[in-house]
Amino acid sequence: MVYADLYKKFEGQRFAGIYQFHVPILLILDPELIKNVLVKDFEHFHDRGFPFDEKIEPLAANLFQLNGAKWKNLRTKLTPALTSGKLKMMMQIMTDCGKELKKFLEEPARKQEATEVKEILSRFTTDIIASTVFGIECNCLKDPNAEVRQWGREMFEPSFNKKIRNLLYLTVPELPMFLGIPSIPTYLSNFFIKFVEETVGYREKNNVERNDFIQMLIQLKNLNYVDKEGKAATKQDVTMTISNVAAQAFAFFVAGFETTATTMTFCLYELALNPYLQDRLRKEIDTVLEKHDGEISYNAIQEMDYLDNVISETLRKHPAVPFLIRQCTKEYRIPDSEVVVETGSLILIPIMGLHYDAKYYPEPTRFDPDRFTEEVKKTRHHYCYLPFGGGPHTCIGKQLALLQTKVGLVSILSKYEFAVCDKTNIPIVYDDKTLVLFMKGGTWLQIKNRSQ
């Protein structure tokens, strides 16, 4: 929350300079200037500023950490893998997982005891990502110690060592690389690469094809395109090795399950605090599902406008990643100023600060989904809302994340009610040991069968 506090301290300024230990950082506070950095003048800020050595951590050579031409070419190749058509093909997997989640909650709903929902939702999203990325059924809801779930815990569960490592990457990004300290534990990296090698090897040897993300990566590795429209080569084209395939699969696995589970968790928390909003959302769910014969289909989800507003407001109050970092790759003069940003300088955009600015969001601590009606959104600057980033670096998995979030919420809210209990943390205290926004002490809610 440090950067959100700094945003308030520099209220009224377009930008400000700070030092994080010895590292100078330029805070960008004005939405129009943020738009310049992320979109208009993207050629000056196209890198995220996290160096890595592919020999030390091969899984880091993924779309989310690559820079420059390598990132651009890979992004072009992977974009066809996440079109609406591809998402519709994954819909059955998501709804099947949603049914399992709904079934899993029957016991805590019957007992009406305090339940820690974050872990349950992480297991649900892990099941979805394992199926859509790797084509495997890991049944984490039934088996909380499933191997795939343990991968996720290893990456995200808070610890002192992770806090120190994250601090190093934010303050002296070259030092971990110099010391050979990987952002991904070596044993986990080796295990994951071996797993992908075996999966790809089996499919290629036995001519097995599935509608999942790993199949698209296999096609990219062998044919250099995902869909026909992506077939044309570029000057510095992507040459996919099995290690590169593993890196992309790993990135989508890690980014896809924990951030989605966190968003669902915060959403249920806010709805439990605001039962009248929960009732309003449930009425929309009931109305749309009745129209679609009770089936949670892709088209049904697209008709739920208030659900979209509820999730948008959740992401405003609790963005999974509370700030963006960019690195200046080409000297840049800030418009209408004499300030020149030197090549190599780090730029930080405090998302949480923007999302809680009363100029854009009156009474910012209040949970109000009506902030995201089409009429209200038109009154705000587009770049004061950035839960998925912005510009060419906008999260490529945005639509996938939103879809699985909606499927999960619709599945359980169609049957259950969520309420606060004695163990619910009010107000929220965020865990300061993680980069992704987590609630300290867990998210405890009471689950009840719906009132008839």
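The values are calculated or read from the model by the stated rules, or taken from the named source; none is laboratory data. For clarity, every value in this text was computed on a predicted model and none was experimentally measured. Cβ: placed from backbone, ideal geometry, glycine included. Neighbour counts: every protein chain shown. Accessible surface areas use protein heavy atoms only, side chains included; no ligands, DNA or RNA. Shrake-Rupley method; radii C 1.70, N 1.55, O 1.52, S 1.80 Å.
Assorted remarks:
- The residues of the range 348-360 that are open to solvent by 50 Å² or more (accessible area, probe 1.4 Å) and touching a residue at least 40 places away in the same chain (Cβ under 8 Å) amount to a single one, Tyr356.
- Restricting the range 1-42 to residues that are of a type outside the set (A, V, I, L, M), in a strand (DSSP E or B) and open to solvent by less than 80 Å² (accessible area, probe 1.4 Å), the residue that is farthest from Gly353 (Cα to Cα): Pro24
- For the range 361-387, a residue qualifies if it is in contact (Cβ under 8 Å) with a residue 60 or more places away in the chain and among the aromatic types (Phe, Trp, Tyr), and the qualifying residues are Phe367, Phe372, Tyr383, Tyr385.
- Scanning the range 361-388 for residues that are open to solvent by 20 Å² or more (accessible area, probe 1.4 Å), more than 19 Å from Lys35 (Cβ to Cβ) and either of a type in the set (D, E, K, R) or within 15 Å of the chain's Cα centre (by Cα) (or both) yields Glu363, Arg366, Asp368, Asp370, Glu374, Glu375.
- Of everything in the range 251-284 that is buried (at least 22 other Cβ atoms within 10 Å of the Cβ) and of a type in the set (Val, Ile, Thr), the residue that is modelled with the lowest pLDDT is Thr259.
- Test: Tyr306 is assigned to a loop (DSSP other than H, G, I, E, B) and aromatic (Phe, Trp, Tyr): no
- Within the range 389-399, considering residues that are open to solvent by 20 Å² or more (accessible area, probe 1.4 Å) and in contact (Cβ under 8 Å) with a residue 60 or more places away in the chain, the one nearest to Gly85 (Cα to Cα): Gln399
- Among residues of the range 314-331 that are part of a loop (DSSP other than H, G, I, E, B), those with a beta-carbon under 6 Å from a residue that is polar (S, T, N, Q) and surrounded by 20 or more Cβ atoms within 10 Å (Cβ to Cβ) at least six positions away or on a different chain give the pairs Ala320/Thr259; Ala320/Thr262; Cys328/Ser345.
- If you go through the range 118-144 and keep only what is assigned to a loop (DSSP other than H, G, I, E, B) and farther than 20 Å from Pro108 by Cα, you end up with Gly135, Ile136, Glu137, Cys138.
- Scanning the range 416-430 for residues that are surrounded by fewer than 15 Cβ atoms within 10 Å (Cβ to Cβ) and of a type outside the set (A, V, I, L, M) gives Asp422, Asn425, Pro427, Tyr430.
- Cβ-Cβ under 7 Å pairs, at least 6 apart or on other chains, the range 1-29 side more than 19 Å from Leu386 (Cβ to Cβ), far side in a strand (DSSP E or B) and modelled with pLDDT under 90: Gly17/Pro24
- Within the range 131-147, tally of residues that are crowded, with 24+ Cβ neighbours inside 10 Å and either under 16 Å from Thr95 (Cβ atoms) or among the aromatic types (Phe, Trp, Tyr) (or both): 1
- In the range 51-88, the residues that are touching a helix residue (DSSP H, G or I) at 6+ places or on another chain (Cβ under 9 Å), in a helix (DSSP H, G or I) and open to solvent by 10 Å² or more (accessible area, probe 1.4 Å): Pro58, Trp71, Lys72, Arg75, Thr76, Thr79, Pro80, Leu82, Ser84, Lys86, Lys88
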